[in-house]
Amino acid sequence: MRTLAQSKHGMVTSPHSLATSIGLEVLKSKGSAIEVAIAKGAGLSVTYPHFSGFGGDAFMIIRDRTGKVRTLSGIGQAPMAPPERMERFRLAVLLQC
């Protein structure tokens, strides 16, 4: 039998309760879904380092408040320094999500 979980205000899940708790704290402090995912990912890199970690690939589908969908593919070798356009992208994401 499956148990159905529902929420009107948001939900955080992960394979480890501590990582889930970290994400939930960010959600409770009015963090965005992206901030929750990043915080939860940081928790998983400690609790389940063999499952995830910084330095790996990142694939995201992001829908902003207006309903516009964007994709982010973070694959391949990272540059020695962030490209100039990365700051513009970061600001655009912060302003639109």
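Checked against the criteria, residue 15 counts as at pLDDT 70 or above, loosely packed, with under 14 Cβ neighbours inside 10 Å and more than 12 Å from the chain's Cα centre (by Cα). Identify, please: which residue in region 18-44 is within 13 Å of the chain's Cα centre (by Cα) and of a type in the set (S, T, N, Q) and is, among those, surrounded by the fewest Cβ atoms within 10 Å (Cβ to Cβ)? Checking each candidate, the answer is 32. Pairs linking a residue in region 56-76 that is within 12 Å of residue 34 (Cα to Cα) to a residue that is modelled with pLDDT under 80 and in a loop (DSSP other than H, G, I, E, B), with Cβ atoms under 7 Å and 6 or more positions apart or on different chains, are 62/97; 64/97.
The values are calculated or read from the model by the stated rules, or taken from the named source; none is laboratory data. Since this is a predicted model, take the numbers as computed values, not measurements. Don't worry about glycine lacking a Cβ; one is built from the backbone with ideal geometry, like all the others, and counts go over all protein chains shown.
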